[in-house]
Amino acid sequence: MKLSKYLHSLAVNINRGEGKYFNTYIFLAVLRVCLVFLPQSGYIHPDEFFQSVEIPTGEEFKLEHTRTWEFNNTMPIRSMALPLVIYRLTLNVYGFLAMYVQFLTGWQICTPYAIFVVPRLIMCLISFVSDWSLYKICTTYALRYDVRLLALASSVVSIVFSTRTFSNNIEMALCSLLLYVVADCMMHTNSVIFQRKFLDEKYNACKTIVEKVKVHKLRYILPSYRVNKCYIVSTICVIGCFNRPTFLFFGLPIVFFWMYRGMDAKTISFVDFHLRFFSLLACGIPVVILFIVADSLYYGFLTLSEIQYMEVDINNFVVTPLNFIRYNIDPVNTAAHGVHPKYLHVLVNIPLLYNILGVIAVCSFGHLLYRFSRNEYLHLPRAQSIVSLMNAAIFVPVALLSLVNHQEPRFLLPITLPIIILHAPKLITGFCITNPFSETNRLGEFVYRHFLCTKASANRLLKCWYAGNTILAIFFGIIHQGGVIQLTEYFQQNQMTTFQQHSTSSNVFLVTSHLYNIPTSYLFQPSTETILINPENGQKYTRKKQFFLYEYGGLPMDELQQKIKLLLDFNELRLHNNQQNYKLYLAIPSSLTEELSIALFKSNYTMIKYQRIKSFYPHLSTEALPNFFRHHQTEIRTDVFNVEQKCSFYENYEEISPYSTSGILRKFSAIIHQFGLVLYRVEVRHRNTFSQ
């Protein structure tokens, strides 16, 4: 019934012309879903795997996986309750359905592609909570929703970030939902208070008892508004804090507006303010207990037998948000993840995520602070208005997050909805309606006419918005560390299968440098910790580890060469003693191939041979940016014995004029080649290893 009313109201608004951009929004929403099924190769940050889907995937399908330090059993700082429900439960249901599909049709749908896509599809569906919340807020306050939905759907936050398995995306959905609930409560409270004031005036004006009784009955049936939706607000806050304790920063100003609503009326006092506060605490206790028990059971602090025999004390419980705060409150710990300047969020991250709207938001808030400093209170929004709520939801958490040493753009995803609600209409109207400059200021008049308010300037703003989001979507969604996922798929599909066909006692070693961490679970290697039973004799055993990953971050090529030599020497010794075959691979950005050649030549390790297996495009590592002024080889030659051929290559390269067609094409090819990830097979020259 509610869905039919929602669709009917939507159709009525579109017919009235209030949904001019709604068709474009539908197209972008469909595009958001389609890009999930055509997986983007871009790799934004390792946390999109290692703080969310890596552990549930590995545990559900009994695969080798990486458990990062946040999930250690001694002092875990991340709750596993939500990842288990969102990812593992969904993968469990999908695996159950895949089993029956295979039994009935013979189709195998539980593939690495599906395991990669299903979690992203879940996050994509969760992202539409923000879209729904935005629409409901706009209809509640009679705001134009079509241009706001268009801005939200065309943002790089929705197209790229929202479909990734970041815990920040769940935080953004919860903040959007909380904003809608609080905004609806504010509207409801103002409406009830207005009606009560009206009825009080009617009651005082009544002259007979009968009239007063009628008005009193009307006052009696007025809905409650003092603590309405308290349990919903409290539950959202608890879930948000266990998902990411930084939700405290985002939820604090929103919850304050929920407690402060109606305080300008005589019927609401500070007693009601404190009543709402303690009601929130009381309503949140059951959900807090549920999360604490779930985490304690998962991390082994609490067992079912201890519950059965009532052998439970305070040491059997773990509160992950408290551990998170204890860890991050120490500046030394946060500095270990990177120290950033305090202004990074305001001056860099907000414009980076929201481009022109981010600049408008910062400038608009600066203008509000300027008016406040000049005591122009009449020009400021009312304290309990939707504008004040949205401004507080943006800049209070940004100010608090700016106090932390480590700052990343994804930390600001929850402020997406308030920025869109406040400033998205400026994309079609311009910065401001009235001219803020004096008539004698010719420069100001020129800026106003051409950039701030005219239709032409609005078109420029909308084009800038589209262009900025398109560039960022290509960068983060496709190019940035784009070869890592392709490398993982390559090993999963080709190398590991071929390798296991040669010998069950063979090992694969993969060395990486200047790359993000590889999600081990997507290699689909059986877990070496799973206990198996031999059906013939009933003996228990575990699989032997065959894949070894060595990730060296931003290690220089000279030191990386030494690491490779040590690894080769170790495996050659084992091969000589135990006849155990091995394969050694090296994966680096193609922009570092010349440094690798130089490091190999300087080391004079004549027994090492590099053979290029495959290149993955596109790939851009900010730790190894391309050098556009370098004569980069399209075919990598790291063979130190072939010095003459190498020198002749450079001689031929220099003989070609850089201004000729051939020279320009070679230069273009050299530049394009640096946007890739190269996989090498590292071998020893004195023998022939088994085939690839």
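The values are calculated or read from the model by the stated rules, or taken from the named source; none is laboratory data. Bear in mind that the values here come from a model prediction, so they are computed numbers and not experimental data. Glycine gets a Cβ as well: all are built from the backbone with ideal geometry, and neighbour counts include every protein chain shown.
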Original post:
Just checking, which of TYR180, TYR141, TYR145 is aromatic (Phe, Trp, Tyr), within 30 Å of LEU280 (Cβ to Cβ), surrounded by 23 or more Cβ atoms within 10 Å (Cβ to Cβ) and at pLDDT 85 or above?
Top reply: TYR145
Subject >> Of the criteria (1) surrounded by 15 or more Cβ atoms within 10 Å (Cβ to Cβ); (2) touching a Gly at 6+ places or on another chain (Cβ under 9 Å); (3) modelled with pLDDT of 90 or more, which one SER41 fails >> reply: (3)
Subject >> Breaking point among (1) more than 19 Å from ALA393 (Cβ to Cβ); (2) surrounded by fewer than 24 Cβ atoms within 10 Å (Cβ to Cβ); (3) not polar (S, T, N, Q), for ARG164 >> reply: (2)
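Yes/no matrix, rows are residues, columns are (1) touching a Lys or Arg at 6+ places or on another chain (Cβ under 6 Å); (2) assigned to a helix (DSSP H, G or I); (3) at pLDDT 90 or above:
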{"position": "HIS45", "(1), (2), (3)": "no, no, yes"}
{"position": "GLU48", "(1), (2), (3)": "yes, yes, yes"}
{"position": "GLY58", "(1), (2), (3)": "no, yes, yes"}
{"position": "GLU70", "(1), (2), (3)": "yes, yes, yes"}
{"position": "ILE77", "(1), (2), (3)": "no, no, yes"}
{"position": "THR90", "(1), (2), (3)": "no, yes, yes"}
**OP:** May I ask you to list the residues in the stretch 171-227 that are hydroxyl-bearing (Ser, Thr, Tyr) and closer than 30 Å to LEU413 by Cα?
**Re:** SER176, TYR180, THR189
**OP:** Could you tell me whether ILE356 is outside any loop (DSSP other than H, G, I, E, B), surrounded by 17 or more Cβ atoms within 10 Å (Cβ to Cβ) and aliphatic (A, V, I, L, M)?
**Re:** yes
**OP:** Could you tell me which numbered condition ARG144 fails, if it satisfies all but one of (1) assigned to a helix (DSSP H, G or I); (2) under 15 Å from ILE420 (Cα atoms); (3) more than 23 Å from the chain's Cα centre (by Cα)?
**Re:** (1)
**OP:** Kindly indicate whether PHE198 is part of a helix (DSSP H, G or I), farther than 24 Å from PRO425 by Cα and of a type in the set (Phe, Trp, Tyr).
**Re:** yes
**OP:** Report yes if PHE629 is hydrophobic (A, V, I, L, M, F, W, C), modelled with pLDDT under 80 and either in contact with a Phe, Trp or Tyr (Cβ under 6 Å, 6 or more places away or on another chain) or more than 16 Å from HIS514 (Cβ to Cβ) (or both), otherwise no.
**Re:** yes
Original post:
Counting only residues that are closer than 22 Å to MET80 by Cα and either among the basic types (Lys, Arg) or surrounded by fewer than 16 Cβ atoms within 10 Å (Cβ to Cβ) (or both), how many does the stretch 294-311 have?
Top reply: 6
**OP:** Go through the residues of the stretch 268-283 one by one and say whether even a single one is out of contact with any strand residue (DSSP E or B) (no Cβ under 9 Å at 6 or more places or on another chain) and part of a loop (DSSP other than H, G, I, E, B).
**Re:** yes
Original post:
Can you find a residue in the stretch 532-539 that is farther than 30 Å from VAL157 by Cα and in contact with a Ser or Thr (Cβ under 8 Å, 6 or more places away or on another chain)?
Top reply: yes
